[in-house]
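Below is one structure, written out as structure tokens; comments come after it.
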Amino acid sequence: MHFALYQIIIVAFAAIMIFQGLKNYFGGKGNQTFLKLLTRIIVWGGMATVVTFPHVSNTVAKLIGIEGNINAVILAGFLLVFLMLFKLLSAIEKLEQQITTLTRQESLQDLEK
Amino acid sequence: MWIVLPAYNESKIIKDVIKEIQDAGYQKIILVDDGSTDDTYAVARSLPGIIALRHKINRGKGAATKTGIEASKKLGCELVVTLDSDGQHNPEDIARLIQPILNGKCDVALGTRLKNPKGMPWYKILANHIGNAVTWYIYGLWVSDSQSGFRAYSRHAVEIINTKTDRYEYDSEVIREIYLHKLRYSEVPIEVRYTEYSMGKIQKQGFVNGLKTLYKIIWHMIS
């Protein structure tokens with residue numbers, strides 16, 4: 001079986017992401033739940049499967065009714081926008097947490113006065 | 001034992017709420033003003049024996065509660081009680097709430113409105129049931145009142161519980177922490193006093209805020 005470079009890169013990346021999820025879950029990291037782990041495995045596992053066995057996407061496309069290149073391009077674009085939105089919301093969430101931490105630290109300084 | 005009061009725009013009532021707590025025999029009170037636009041902070045500061053802290057900007061009930069708990073840890077607490085600052089909780093219930101912790105039976109005592117729902121509007125009861133179901137489904141632990149702000153924590157519990165959410169989803173996140181860290185908990189029936197004042201506040205956990213809380217809980221799960 002011949003693998004293209006992009007397939008190797010994506011499969012390796014998906015394996016790292018799944019490994020990180022398993023490590024966090026079994027390492028008892030506070031914010032890692034089973035549901036999160038399952039979501040991670042489905043998303044990254046699905047991506048690795050589609051990249052390794054591209055004909056799977058044909059079966060899925062037929063199954064859900066996507067036919068033709070233009071539909072695939074639109075779907076890919078939609079997924080890309082979704083991913084960007086997800087990253088953006090994650091960044092905002094992180095900033096919100098940092099603002100809260102700073103606000104808390106500043107208010108707790110009153111305790112030491 | 002320290003009493004933690006997160007407060008946002010409660011200047012009309014905060015003096016009475018604090019007096020009622022003091023009259024019930026609890027003098028160690030930390031009020032966290034969560035960036036109020038009225039003079040809640042000034043009123044609290046003017047009261048004797050109160051530690052008043054202030055968030056310069058509004059960060060939410062969960063964030064303010066956590067700030068109060070952090071302050072009580074710094075002050076060497078052995079027990080922390082959190083309650084809402086709109087007067088809906090009866091300070092006379094504190095003694096009953098902390099009893100299971102004092103007896104060494106649990107680490108967290110959850111004040112439970114649904115075990116004593118007298119005076120509670122039907123839609124609040126319904127909203128609480130929905131909140132409980134969502135909390136159970138997402139965080140894995142069924143409790144009778146996942147949205148109650150009237151709770152007591154042992155020192156052991158406040159050292160372990162590490163919340164990240166800032167707003168009303170905080171109450172459910174505490175349930176997750178109890179579940180994840182296998183903390184012992186007890187549910188204690190409490191009285192609720194839904195007054196015209198508390199029901200009229202727009203920042204309370206209403207329907208729209210309830211949806212926001214649900215969105216936040218789901219977001220924290222997938223992000």
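A few notes on this one:
- Looking at chain B, the accessible area is 43 square angstrom per residue; that uses a 1.4 Å probe and ignores ligands, DNA and RNA.
- Per-atom-type breakdown for chain B gives carbon and sulfur 57% of the accessible area (1.4 Å probe, protein chains only).
- Entry note, the stretch B:2-222: relative contact order of 22 percent, from Cα contacts under 8 Å with a spacing of 6+ residues.
- With the biggest extent put first, the Cα atoms of the stretch B:2-222 measure 45, 39, 34 Å across the principal axes.
- Calculated mean residue ellipticity, 222 nm, chain A: -29500 deg cm²/dmol, from DSSP H runs (n ≥ 4) at -39500 (n - 2.57) each, averaged per residue and rounded to 500.
- List of the stretch B:16-52 residues, accessible area with partners at least 40 Å² below that of the chain alone (1.4 Å probe): none
- Tilt relative to chain A, helix A:5-26 - C-alpha long axis, 0 to 90 degrees, to 10: 40
- C-alpha center-to-center spacing [the stretch B:54-105, the stretch B:116-168] in angstrom: 14
- Accessible-area value, A:M17, 1.4 Å probe, nucleic acids and ligands omitted, Å²: 50
- Å² per residue, accessible surface of the stretch A:68-113 at 1.4 Å: 79
- Chain-alone versus full-assembly comparison, the stretch A:79-102, residues with accessible loss of at least 40 Å² (1.4 Å probe): A:F86, A:L89, A:E93, A:E96, A:Q97, A:T100
- Exposure check, 1.4 Å probe, all protein chains in place: A:F19 carries approximately 120 Å² of accessible surface.
- The long axis of helix A:34-52 is offset from the longest Cα principal axis of chain A by roughly 30 degrees.
- Largest to smallest in accessible area, the residues A:W44, B:W2, B:W136 fall in the order B:W136, A:W44, B:W2 (1.4 Å probe, all protein chains included).
- Accessible area buried at the B-A interface, both sides summed, 1.4 Å probe (Å², nearest 100): 2300
- With all protein chains modelled, accessible area of A:E93 [1.4 Å, Å²]: 30
The values are calculated or read from the model by the stated rules, or taken from the named source; none is laboratory data. Keep in mind that what you see is a predicted model, and the values were worked out from it rather than measured. These area figures cover heavy atoms from the full protein model, side chains too; ligands, DNA and RNA do not enter into them. Shrake-Rupley method; radii C 1.70, N 1.55, O 1.52, S 1.80 Å.
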